[in-house]
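Each remark here refers to the structure printed beneath this line.
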Amino acid sequence: MKRNIKLFMGVALASLSLATTSCIDETEPTSGATQNQIDQSKNTVSGMLMALPKRLNVMEGDTYQHYAFGYGAMMHVRDIETGDMPIAFSDYDQFMGWERNLGQGDAYMMPQYLWNYYYQSVLTCNKLLASATDVTGSDSLLVKGARGAAYAFRAMYYLDMARCYEYLPADVTEAEAKANGVEGLTVPIVTDTTTQQDTKNNPRATHKQMFAFIKNDLDSALTYVPYLAKASESLGANRTLPHEAAVYGLYARLYMWDGANPDGSDKAAADGSDPAAVAAGKTSYRMAYDYANTAIKAASSDAPMSYSDCLEVNSSGEITGYTKTCFNTLSKFLWGAQQTDQDATVTSGIVNWTSWMSPQCSFGYAGAGPVPMMDNNLFKEMYAGNWMQVFFDSDNKLTPNVGYKFQPNEGNYTNYKVACASAYPLMRIEEMYFIQAEALAHYGSAKNAKTLFEGFMNNYRSGFSKDKYKISGSDKEDVIKAIVNQKRIEFWGEGISFFDIKRLNWSVTRGYSGTNFKATTRFNTKGRPAWMNWCIVRTEQNNNAAIVGKNNPDPSSKYTEWTEE
């Protein structure tokens, strides 16, 4: 196969007049699900069911908060807090505060948005669970299926929050964290039975408590989600709703989180939360392996994406462009979010996933300056035969390794009403292969993990080289490092690397000779960055006495920008 990347890279950046970031005078209070709010709900079960995926693409807050476009924004924040995704300098960059580690404390607007989004999303799940209680009537299949979806969505949201807000050691904030006694604390748990009075004194759950809560939700989801297909063929085929394979995938993510001690070691930290696993003699990493394997089997009709899914190739074997269904089609994902032309995010034209992640478009933010790129050092880690390298233009001097991975809907670069009605992934089957390999390296044989992962890469990512992919080292740490680095490349832009870097206590290195990070974001950390321990917002502290004095330290401006000598 011949590569001719320049044929389809290089749509000119648009010179749009975009709104710049604005302050707001006040913020919404914390959004716990109180019984009064639930009781006031008059939605039907089917309506509340479809509100779950609708919640993924919602434009909230002040009109000038153009980073507030739903779950895709959560993914984008996590990516730019790693060392994987530099953003080209632009006055239009609404995510600059996260990139520069500014305004991350409890009194700022950006953390408030993150907190509000997640708890409003949990509220959507809780309202459905509180209403979908009669599982014996004529619509019992729908009610059961709806409950399963709500449990799965709620588990996903709480697992995200647990991994983002759990305080894990970080050098520049460690003294304050120890004084506050917050290590290993996650977030308050709010359910469909939580009362208004409960929310006023609702402490942060420990790692063990949160693990048990999420696992219980997943157990319930696994019981009920099969009823979606029994209730309706269309619900069974709707990949904006979670199904069995996705639930197994969430289990695998949960046990990977549980597999690391707070100091970042590879010992099972909280196996005691799962007596059945302990009785079976299985560590959390072994459980992650098993669930990832089960997810792959449950999704037997799903195969990892191939270059033919994304690349157009002529009769001479030359790549001539991207397909119209490249990383924008639900059928390629285990679970995904679908933007529609009726969503306010899409009708806005620029406050949506496509605007921020598709730089080829003649509209939107990515096409107007704040271009997403891949870190130069990470790009060098890419296997030479990996066909996914065509998503990144390494010859571009202005924006090195600009990413074209997420194509607009129908390959349309000009009409935002069409282009932005695209899908993006919440979970792909590929992640399960990566979890399998890394988990095996942790709990079992590094040699077997190496063989397993090399097989995946050579079967599914090889295409540009006759040389087989091989991991150069052979000990456990070498194998884990190779797997996770390739995972960072595979899931660039999908909000996943944040969790692995924080879990493994890896340093973030943005400042080095030849970096493509802008000067004001070139921070180098010793171990996980302090900004990966998100701060709980002040509105929660004002309404929840148990949080007072138990917040994560503010990481803002704790690092010095690297400068080349």
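A dipole drawn for the range 85-178 from +1 and -1 charges on Cβ atoms has a positive end, and of Leu159, Tyr92, Gly148 the residue lying farthest that way is Gly148. Taking amide H atoms as placed 1.01 Å from N in the peptide plane, the amide H of Glu183 has no partner under 5 Å among residues 5 or more positions away or on other chains.
Considering only Leu222, His207, Trp353, the residue lying farthest towards the positive end of the dipole of the chain is Leu222, judged by Cα position with unit charges set on Cβ.
Among beta bridges identified by DSSP and lying wholly in the chain, the antiparallel ones come to about 90 percent. Quick check: from the Cα gyration tensor, does the range 194-234 come out rounded (a/c under 1.5), prolate or oblate? In terms of gyration-tensor shape, oblate. Our estimate of slack between Asn458 and Lys526, defined as 0.36 nm per intervening residue step minus the Cα-Cα distance, is 21.1 nm.
Of the accessible area of the chain, computed with a 1.4 Å probe over protein heavy atoms only, carbon and sulfur atoms account for 47 percent.
Put a dot 7 Å past the Cα of Asn543, heading toward its Cβ, do the same for Thr560, and the two dots end up 4.2 nm apart. Taken about its Cα centre, the range 508-565 carries a charge dipole of about 140 debye when Lys and Arg each add +1 at the Cβ and Asp and Glu each add -1 at the Cβ. For Val313, the amide hydrogen comes within under 5 Å of the amide hydrogens of Thr320, counting only partners 5 or more places away or on other chains and with H modelled in the peptide plane. Computed with a 1.4 Å probe on the full set of protein chains, the accessible area for Trp353 sits at about 10 Å². This structure gives volume of the Cα convex hull per residue in Å³, computed directly, and of (1) 149; (2) 207; (3) 240 that value is listed as (1). Computed over neighbours whose Cβ is under 13 Å from that of Tyr224, the net charge equals +1, Lys and Arg +1, Asp and Glu -1. Solvent-accessible surface (1.4 Å probe) assigned to Leu102 amounts to roughly 70 Å². Taken per residue, the accessible surface of the chain reaches 37 Å², heavy atoms only and a 1.4 Å probe.
The modelled label-to-label distance for the pair Thr193/Glu312, using points 7 Å beyond Cα in the direction of Cβ, is 5.7 nm. The charge dipole of the chain, taken about the Cα centre with unit charges on the Cβ atoms of Lys, Arg (+1) and Asp, Glu (-1), comes to about 1000 debye, rounded to the nearest 20. 3J(HN,Hα) along the range 73-88, derived from phi through the Karplus expression 6.51 cos²θ - 1.76 cosθ + 1.60 where θ = phi - 60°, amounts to 5, 4, 4, 5, 4, 4, 5, 6, 8, 9, x, 9, 10, x, 10, 4 Hz, with x in place of Gly and Pro. Were the residues from Ser513 through Lys297 laid out at 0.36 nm apart, the gain over their Cα-Cα distance would be 73.3 nm.
Annotation for the range 438-464 versus the range 547-565: alpha-carbon center distance of 36 Å. Note on Asn201/Ser232: beta-carbon distance plugged into 1/(1 + (r/R0)^6) with R0 of 60 Å gives a FRET efficiency of 0.90.
For the range 108-123, the Karplus equation 6.51 cos²θ - 1.76 cosθ + 1.60, evaluated at θ = phi - 60°, returns couplings of 9, 5, 5, x, 4, 5, 4, 5, 4, 4, 5, 6, 5, 5, 4, 4 Hz by residue, with Gly and Pro reported as x.
Pairs of Cα atoms nearer than 8 Å and 6+ residues apart set the relative contact order; for the chain it is 22 percent.
Note on the range 95-172: dipole from Cβ charges, positive end direction compared against Thr124, Met110, Pro169; the farthest Cα belongs to Thr124. Backbone geometry of the range 284-299 corresponds, through the Karplus equation with coefficients 6.51, -1.76 and 1.60 at θ = phi - 60°, to 3J(HN,Hα) couplings of 4, 5, 5, 5, 4, 4, 4, 5, 4, 5, 5, 4, 4, 5, 5, 9 Hz, x marking Gly and Pro. Our note on the geometry: Cα centres of the range 166-241 and the range 408-427, 31 Å apart. Taken about its Cα centre, the range 403-555 carries a charge dipole of about 340 debye when Lys and Arg each add +1 at the Cβ and Asp and Glu each add -1 at the Cβ. Close amide H partners of Asn57, meaning residues 5 or more places away or on another chain with modelled amide H under 5 Å apart, are Tyr71.
The values are calculated or read from the model by the stated rules, or taken from the named source; none is laboratory data. Since this is a predicted model, take the numbers as computed values, not measurements. Glycine also receives a Cβ, built like all others from the backbone with ideal geometry; neighbour counts cover every protein chain displayed. Ligands, DNA and RNA are excluded from the accessible area calculation, which covers all protein heavy atoms including side chains. Shrake-Rupley method; radii C 1.70, N 1.55, O 1.52, S 1.80 Å.
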